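In what follows, a structure is listed as structure tokens, so that the remarks can point back to it.
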Amino acid sequence: MTSTTAEATATTAAEVYKARPLTPLQKLQRVLHRHPEISPLAVLVVACVAFQLANDRFLLPSNLSLILQQVSIIGALAVAQTLVILTAGIDLSVGALMIFVSMVMGTLAGSTGLPGPLALALGLLVGVAAGAFNGLLVARVRLPPFISTLGTLSIFTALALLMSHGTSIQGNQLGGFLTWTSTSFPVGPFHLTTGVVLMILMYLVMGGVLAHTAWGRHVYAVGSDEPAARLAGVRSSRVLLSVYVVAGLLVAVSAWVLIGRNNAATTSAAVDANLDSITAVVIGGTSLFGGRGRLLGTFIGAVTVGVFRNGLSLARVDVLYQTLAIGILIIAAVALDQWIRRTGARR
Amino acid sequence: MTHTTPNDTTALLSARGLVKTYGSVVALDGVDIDVHAGEVVAVIGDNGAGKSTLIKCLTGAEVPDVGTITVEGREVAFRTPQDARDAGIETVYQTLSLAPHLDIASNLFLSRELRRPGFLGSGLRLLDHKEMRRQAEEKISALGIRTIQDISQVVETLSGGQRQAVAIARAVAFGSKVVVLDEPTAALGVRETGQVLDVLEGLRARGLGVVLISHNMPNVFQIADRIQIQRLGRKAGVITPRTHTPAEAVAIMTGAMELDAAVAP
């Protein structure tokens, strides 16, 4: 049959085209599409080498320990941020909520004299409630996440200031339990804090939940294509709501880490934590368009932000240039993501 | 084709006197339809003939104003697509409703994930990736889809025909009785269309009821046992590929010809 022959030739021609040798650049693109963690990891390694050359104290265990401690707050917040961004959303309120929750915990333990565990529990509850509020705005009222969380960013900031009247509560008033996250202990040549361990635990637990539970699959499905997920039987509105609730809880845990790190509950801490958490997620290869990315990437992204800030100050670069460098890093990361996505869809 | 209309058996899915209005627009004006086990019923009609509204009512996406729907003789009232799915009626939407970033197995089991046995599944709620992959492979090959080599492939890397196959596989993978497909070949090339039609024949052979909405007359006449023609919100008639030609079908569809009730099967 002629049609069969024509078809066979077409297949062969297509197969010849498909089997063509790839340029090294195309090969790289494919590998990066499959393993989105590789590019931030490469940036991190290159940065570490460069900073070590600039200042040979950079790679000392004491400095690496310090970086991890500096990263613990952004890193913890970025777990919550990753969840939200995976659903193609964004949470502008995580930083403000963390400060608000830390003020709730601090006021309850410091001024009201509540026992630490109770203050923590109530703080976590406030985090969950605030997350639920964000979630209701996004999933039920159907406001764009950017708008909802822009609003709650102001609300949480105002509540924190109203609650504290602008004053801080120092560590000695908070009691041992709330500042427990600053407890330091040696691991080989390194010095970790319980706050760092708590952050790493958040990554391990949520990483497992995302990869190995139905809820995790549904988070990816909703972020990937929400109407499709709904038609496939995923209760997407409920998934969205739950993502913001879990994010609220994770932010509240981050507040505990924050109190330990500052040894105080204060509204003047971590004001740029919010944008840094988005930076960490984006550098880590999670797509702002949802559905693609992993927590391992976010962790690498958070460490990269920390390494840049620490390494540049060790190299005696002005703090303003650090911010400049972070800005360039964000744009480069998103540009890379776009490039990988464009070629990833083709095959 | 030696198929006869199985009028003597209870229909898997049937509807009587469906009416659906949107304000002053009458989309359905008392429409009946029957789908039996092991038959392919095609629904054709011009734009605005009420094809998609009919399908939406059958699959729970819309609730009819008047009329009854029965599944295997039992009356049902679908409020959501999930209700229809629970009753064994699956829909393959034109948009396919696949999550592009998830792999084939994850998409097949989306919202019906399998958990690990024992405490790992019930307590920690961990997924059984291995079992889902195994079953997905089994279900895909049972449909006779040979072009998919790797079940862990991400859906966005698949061709149009392969995606269609995955969507159909999901629709029939969980013991459904009736599969409704909305324009399954609209975006496909000739060879891929052939593959999808083969899959539909396989479903008919397995005793499922298939409802096919299509604009493609050659496809419809190749696969359908009966063809329901919709015109201006009413059922203009039901014909078979043996009794009528595509040209006659188009004539009935556009109102150029009336279907004589006496010859209607």
### Query
Restricting attention to segment A:202-217, and to residues there that are within 19 Å of B:Leu120 (Cα to Cα) and of a type outside the set (A, V, I, L, M, F, W, C), which single residue is surrounded by the fewest Cβ atoms within 10 Å (Cβ to Cβ)?
A:Gly208
### Message
Go through segment B:167-184 and report how many residues are more than 11 Å from every other protein chain (Cβ to nearest Cβ), among the hydrophobic types (A, V, I, L, M, F, W, C) and closer than 19 Å to B:Val41 by Cβ.
### Response
6
### Query
Taking helices (runs of 4 or more DSSP H) that do not extend beyond segment B:20-127, which have at least 1 residues that are within 14 Å of another protein chain (Cβ to nearest Cβ) and among the charged types (D, E, K, R)?
B:51-58, B:81-86
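Per-residue answers, yes or no, for (1) in the same structural domain as B:Leu108 (by TED's automatic domain parsing); (2) without any contact (Cβ under 8 Å) to a residue 40 or more places away in the chain:
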{"residue": "B:Val154", "(1), (2)": "yes, no"}
{"residue": "B:Gly161", "(1), (2)": "yes, yes"}
{"residue": "B:Gln222", "(1), (2)": "no, yes"}
{"residue": "B:Ile229", "(1), (2)": "no, no"}
{"residue": "B:Ile252", "(1), (2)": "no, yes"}
### Task
Tally the residues that are crowded, with 21+ Cβ neighbours inside 10 Å and in a helix (DSSP H, G or I), restricting the search to segment A:34-66.
3
### Query
Does at least one position in segment A:291-300 carry a residue that is farther than 28 Å from A:Leu161 by Cβ, touching an Asp or Glu at 6+ places or on another chain (Cβ under 8 Å) and not in a helix (DSSP H, G or I)?
yes
### Message
I'd like to know if segment A:274-288 contains one or more residues that are more than 10 Å from every other protein chain (Cβ to nearest Cβ) and surrounded by fewer than 20 Cβ atoms within 10 Å (Cβ to Cβ).
### Response
yes
### Test for A:Gly113: is it touching a residue at least 12 places away in the same chain (Cβ under 8 Å) and not β-branched (Val, Ile, Thr)
no
### Message
Looking at the structure I just gave you, is A:Ala221 touching a residue at least 12 places away in the same chain (Cβ under 8 Å) and away from chain B (no Cβ under 14 Å)?
### Response
no
### Summary
When restricted to A:Ala270, A:Ala252, A:Ala247, the only residue closer than 19 Å to A:Asp91 by Cα, more than 8 Å from chain B (Cβ to nearest Cβ) and in a loop (DSSP other than H, G, I, E, B) is A:Ala270
### Message
Among the residues in segment B:164-173, are any of a type outside the set (Ser, Thr, Tyr), surrounded by fewer than 21 Cβ atoms within 10 Å (Cβ to Cβ) and closer than 22 Å to A:Gly291 by Cα?
### Response
no
### Query
Of all residues in segment B:173-196, which are more than 15 Å from B:Pro218 (Cα to Cα), in a loop (DSSP other than H, G, I, E, B), modelled with pLDDT of 85 or more and not charged (D, E, K, R)?
B:Ser176
### Message
From the list B:Ile140, B:Ile151, exactly one residue is under 26 Å from A:Arg342 (Cβ atoms), away from every other protein chain (no Cβ under 13 Å), crowded, with 16+ Cβ neighbours inside 10 Å and not basic (Lys, Arg). Which is it?
### Response
B:Ile151
#### Entry: Test set (1) closer than 30 Å to A:Gly207 by Cα; (2) in contact with a Gly (Cβ under 7 Å, 6 or more places away or on another chain) - B:Phe119 fails condition number
(2)
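The values are calculated or read from the model by the stated rules, or taken from the named source; none is laboratory data. Because the structure is a prediction, the values reported are computed rather than measured. With ideal geometry, Cβ positions are generated from the backbone for all residues, glycine too; neighbour counts draw on all protein chains shown.
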